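Engineer: Have a look at this one.
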Amino acid sequence: MERCTIKTMAAEAIGIIVGGGPAPGINGVISAATIEAINSGKKVFGIIGGFKALFEGQKDIFLPLTIDDVSRIHATGGSILRTSRDKPENAKAKFKTLMSTLKGVGIKYLITIGGDGTLYMANWIEREARGSVNVVHTPKTIDNDIPLPGGFSTFGFQTARHVGVYIVNNIIEDARTMGRWYFITTMGRHAGHLALGMGRAAGATLCLIPEEFPEEKLSFKKVADILTAAILKRRSMGRDHGVAILAEGISEKFDLKELREHEEVEKNEKGELKLSEIQLGRVLKDFVNKTLAGLGIEVGIVDKNIGYELRAANPIPFDVEYTRNLGYGAVRFLLRGGSGSMIVQFEGNLRPVPFVEMIDYRTGKVKIRTVDTTTETYEVARKYMIRLEKEDLAGHNLEQIARTSNMSPEDFKARFEYTLGSPCI
């Protein structure tokens, strides 16, 4: 496959662009959209490297796609068009450059593949283009935080969870064999769907997600003490090992002043906390170890991040089928005159959801789907975790945990009762 410059003209061609982090299934959308577009008499151009190159008017970013190019890529991970999180500077001022770049290739239709940031960009381009470019979006993110109808997952999530569960299952066995604990941090900036999904399916000892903590500023010490109490409770049950899954989005809720006492905090190109650089498991491990050492208890704890291993995996059959449906639906919607919508799969059909329904116009941002901790499905997940509960702070349970912790029942209760907070279920 060879790229072309904007001198190559194609009447009313379809462009495909990918934004944000990788997710399993991107190539499935590209493949299905390309095949359906070509079969409908349209030329297709893949746009290499995301939006920034478009805003800068780069001329060598357009990749003509043929059916032979894409016919077997649907089962592969990564993105043949690559992707980028780069935020163009002065995007509004450079919009004319973007439009002239697209028109130079003859692109009338644009398919965007991405998460909430790409959806926001798609909505902005569609609105500013005023009919000169028809735009449709396909929802991609392993975080599963775009609110699709019927609670349907975003593509890539099921594969990421599947691969994550395989890794966690192996770690659980290692924890049992070696008699130690693992603190595993996984992706999920705004929501804990991935952490909770992995933990539930693998049978992890406990999961912690940001949705459990309604406070505006979350105490780092409180999260560490929840983990400490879980370790002590498990020891009182005769178990010296366990695995805790932590959603990285917890870090975003921390009191930054307190967090900076334990970890340097950087920001990414979008101005957000660089959560992947915060060694959440490590700093929690260090804090928990100090607490346990103060009680005369030694526990082996290993911290591990699971994230990048999940994003470019080959999609499982669910996501292969799902993304082929979305790619087909995106092209069909555009060629029927549609624009300004996201294509979703719902009750066996493909339907558009207008961008206006996806934007919270109080904030100007895309709506985020978080884990609803009031549902019965969350209740099931919570019931099967080993964590300190209210019933552990009275009677025989309290005496047993306190004895294991080398504390008096009164001291244990005074030290850890605050971690229960308000019940999530």
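Engineer: Hey, among the residues in region 318-360 that are of a type in the set (Phe, Trp, Tyr) and in contact with a strand residue (DSSP E or B) (Cβ under 7 Å, 6 or more places away or on another chain), which one's surrounded by the most Cβ atoms within 10 Å (Cβ to Cβ)?
Structural biologist: Of the residues in region 318-360, the ones of a type in the set (Phe, Trp, Tyr) are 318, 322, 328, 333, 346, 355.
This time we only want the ones that are in contact with a strand residue (DSSP E or B) (Cβ under 7 Å, 6 or more places away or on another chain), so: 322, 333, 355.
Details: Tyr322: 25, Phe333: 21, Phe355: 22.
Here the residue is Tyr322.
Engineer: Next question. Name the residue that is surrounded by the fewest Cβ atoms within 10 Å (Cβ to Cβ), counting only residues in region 25-44 that are out of contact with any Ser or Thr (no Cβ under 9 Å at 6 or more places or on another chain) and free of Cβ contacts under 8 Å to residues at least 40 places away in the same chain.
Structural biologist: Taking the candidates together, the pick is Gly41.
Engineer: Can you work out which of the residues in region 190-224 that are touching a Leu at 6+ places or on another chain (Cβ under 6 Å) and farther than 16 Å from Gly242 by Cα is surrounded by the fewest Cβ atoms within 10 Å (Cβ to Cβ)?
Structural biologist: Phe220
Engineer: Which of the residues spanning region 122-134 are touching a residue at least 40 places away in the same chain (Cβ under 8 Å) and either among the acidic types (Asp, Glu) or surrounded by 24 or more Cβ atoms within 10 Å (Cβ to Cβ) (or both)?
Structural biologist: Within region 122-134, Ala122, Glu126 qualify.
Engineer: Moving on. Does Phe333 fit the bill of being aromatic (Phe, Trp, Tyr) and modelled with pLDDT of 95 or more?
Structural biologist: Working: aromatic (Phe, Trp, Tyr): yes; modelled with pLDDT of 95 or more: yes.
Yes, satisfied.
Engineer: In region 173-185, what residues are of a type in the set (Val, Ile, Thr) and either at pLDDT below 95 or farther than 11 Å from Ala244 by Cβ (or both)?
Structural biologist: Thr177
Engineer: Hey, another quick one. What number of residues within region 45-74 are out of contact with any Cys (no Cβ under 9 Å at 6 or more places or on another chain), under 18 Å from Gly19 (Cβ atoms), without any contact (Cβ under 8 Å) to a residue 60 or more places away in the chain and not in a loop (DSSP other than H, G, I, E, B)?
Structural biologist: Adding up the residues that qualify gives 6.
Engineer: Looking only at region 153-166, count every residue that is out of contact with any Lys or Arg (no Cβ under 8 Å at 6 or more places or on another chain) and either within 12 Å of His193 (Cα to Cα) or buried (at least 17 other Cβ atoms within 10 Å of the Cβ) (or both) and tell me the total.
Structural biologist: Going through region 153-166, the residues out of contact with any Lys or Arg (no Cβ under 8 Å at 6 or more places or on another chain) turn out to be 153, 157-159, 161-166.
Still in the running and either within 12 Å of His193 (Cα to Cα) or buried (at least 17 other Cβ atoms within 10 Å of the Cβ) (or both): 153, 157-159, 161-165.
Final tally of qualifying residues: 9.
Engineer: Which of the helices (runs of 4 or more DSSP H) found entirely inside region 275-345 contain at least 1 residues meeting this: more than 30 Å from Ala37 (Cβ to Cβ)?
Structural biologist: Fully inside region 275-345 and qualifying: 280-294, 308-311.
Engineer: Right, Val299: assigned by TED's automatic domain parsing to the domain that holds Pro210, farther than 16 Å from Lys140 by Cβ and crowded, with 16+ Cβ neighbours inside 10 Å or not?
Structural biologist: When the stated conditions are applied, Val299 passes them.
The values are calculated or read from the model by the stated rules, or taken from the named source; none is laboratory data. Please read all numbers here as calculations on a predicted model, not as lab measurements. Here the Cβ is made from the backbone with ideal geometry for all residues, glycine too, and neighbour counts use every protein chain on show.
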